1. Among the listed residues ILE434, ILE458, ILE441, which satisfies the condition of being in contact with a Leu (Cβ under 9 Å, 6 or more places away or on another chain), open to solvent by 30 Å² or more (accessible area, probe 1.4 Å) and either over 22 Å from THR32 (Cα atoms) or of a type outside the set (S, T, N, Q) (or both)?
2. Looking only at region 18-45, how many residues end up being open to solvent by 70 Å² or more (accessible area, probe 1.4 Å) and in contact (Cβ under 8 Å) with a residue 40 or more places away in the chain?
3. Looking at (1) more than 16 Å from ALA346 (Cα to Cα); (2) free of Cβ contacts under 8 Å to residues at least 12 places away in the same chain; (3) not aliphatic (A, V, I, L, M), which one does GLY62 not meet, given that it meets all the others?
4. Only one of ALA123, ALA172 is open to solvent by 50 Å² or more (accessible area, probe 1.4 Å), farther than 24 Å from ASP259 by Cα and small (Gly, Ala, Ser); which?
5. Looking only at region 342-356, which residues are open to solvent by 30 Å² or more (accessible area, probe 1.4 Å) and in contact (Cβ under 8 Å) with a residue 60 or more places away in the chain?
6. Looking only at region 107-125, which residues are in contact (Cβ under 8 Å) with a residue 60 or more places away in the chain, closer than 20 Å to GLY275 by Cβ and more than 21 Å from the chain's Cα centre (by Cα)?
7. For region 358-371, does any single residue satisfy the condition of being assigned to a helix (DSSP H, G or I), in contact with an Asp or Glu (Cβ under 9 Å, 6 or more places away or on another chain), more than 29 Å from GLY169 (Cα to Cα) and open to solvent by less than 10 Å² (accessible area, probe 1.4 Å)?
8. Spot the failing condition for LEU412; the list is (1) more than 30 Å from THR73 (Cα to Cα); (2) of a type outside the set (S, T, N, Q); (3) in a helix (DSSP H, G or I); (4) without any contact (Cβ under 8 Å) to a residue 12 or more places away in the chain, and only one is missed.
Amino acid sequence: MVQAPTPSSSASVADVLRADREHLIHPLYHPTDHARPIVIVRGEGTDIVDANGKRYFDALSGLWNVHVGHGRTELAQVAAEQMSTLAFNNNYVGFANIPSARLAEKLIELAYPNLHAVYFTTAGAESNESAFKTARFFWKLLDKPNKVKIISRRWGYHGVTMATASATGLPAYHKMFAPLVPNFVQAIGPYRFRCELEELSARPCTNPSGHDYARELEQTLLDEDPETVAAIIAEPVQGAGGVIVPPDDYWPKLRQIADRHNVLLIADEVITGFGRTGTWFALDHWQVQPDILSFAKGVTSAYLPLGGMMVSRQVQNAMNEAPADLKFMHAATYSGHPVCCAVGLANVAIIEREGLVQRAAEIGPRFLDQLHRQLDPLPQVGQVRGLGLMAAVELVDPNANGSAYYDNAVALAGRVIARCGENGMLPRRLNNTICMAPPLISTEDQLGRLVEVLAEAIQSEGDH
């Protein structure tokens, strides 16, 4: 059996770093940010191990996605067996394969009752691109060709391809790639700590329960003219924006707004799907059903790239009833890839068998309570927030006002992350916010240790 390449000496590690530095372009790349990369060679359970043998608790589950933990040989075996049987055949019309059909059936069983069909992709951005095109396709079939705009929200993240970056509400992803794609419009998001409805000098928000963020989005929709809007896209909990949990009435209102103005509602559950928030899919927290759901990440626990969108029966019926000359001309080489789908099936089976969704529902609130108890008293902690097994700690400069209250804490957050790494914990920094999304198999002792290390890092680095 061919073994995966691993460095076996300091010389080989240095050679890997040389090759990496000279020939590999990383996501979000700048060489100053990549001066001292960690060479990861192995994953075991909740931990990853570097080339020097140091272990780290994977506090963000890779990138929010290693739900069942690392080193699951069962998933590797499923992939190997499928590769040895049928590694690939295109899944375009006229062909079918067993794993993609079975996984589609299983996902529809697990998802919201109104969803009825699946289109597979290989990543979250591709899933959202597919959702945007499907929304436009749907309205054109209904003889409403002007309904093309997509409304998203500031602080939202939907990917960084050209269309998804245009929906993403984080300016750092726009600066060097503008102009953005036309007909993508951003509305105010439900960020109650940094409230856009109050003056900068009033931050943090002085009246978080007194603002109707859904109504603000509706006003954007009205300003754009609902007859030109195809869909609203939103994450149930905004992930890369800093784990922004909306008010409890927010999603029910979004559903009502979409229905009232005859637009589709797209739930971007790339991060929140497959148990991350304590339900299979996060809108169950608010008893809301979307017209289209985009997913990726947790469907395979990142063991292979897989994503997709699920559509309502109404959208599927429109596809099925379209004239042949207006058929769904959307495609991807790897849609319904048999190996990825086989691993997806096995991964979902693990989540079910081990009760990991319920586990997130049970230990997530205790994890969040620990964060509150140990971190809320620290002056550099502006807010602790989260849902299920995703949480964030937003750091601030308590001695500053206005935008400096947040901006001055970016450097602190960087130092906190570095100190956590020294102590074997790997959360992730997003500007001045520390984000965590531990594997769903994490123990309460491990989560408790994460909180302790984070608290110590904030206290120590906050005194500098």
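1. Working: ILE434 fails: open to solvent by 30 Å² or more (accessible area, probe 1.4 Å); ILE458 fails: open to solvent by 30 Å² or more (accessible area, probe 1.4 Å).
Within the list ILE434, ILE458, ILE441, the selection yields ILE441.
2. 1
3. Single failed check for GLY62: (2).
4. Details: ALA123 fails: open to solvent by 50 Å² or more (accessible area, probe 1.4 Å).
Only one candidate qualifies: ALA172.
5. Once the filter is applied, which keeps residues that are open to solvent by 30 Å² or more (accessible area, probe 1.4 Å) and in contact (Cβ under 8 Å) with a residue 60 or more places away in the chain, region 342-356 yields LEU345, GLU354.
6. Once the filter is applied, which keeps residues that are in contact (Cβ under 8 Å) with a residue 60 or more places away in the chain, closer than 20 Å to GLY275 by Cβ and more than 21 Å from the chain's Cα centre (by Cα), region 107-125 yields only PRO113.
7. Yes, the conditions are met somewhere in region 358-371.
8. (4)
The values are calculated or read from the model by the stated rules, or taken from the named source; none is laboratory data. Computed from a prediction, not measured in an experiment: that's the story for all the values here. Cβ atoms come from the backbone with ideal geometry, glycine included; neighbour counts cover every protein chain shown. Accessible surface is based on the protein model in full, side chains and every heavy atom, while ligands, DNA and RNA are left aside. Shrake-Rupley method; radii C 1.70, N 1.55, O 1.52, S 1.80 Å.
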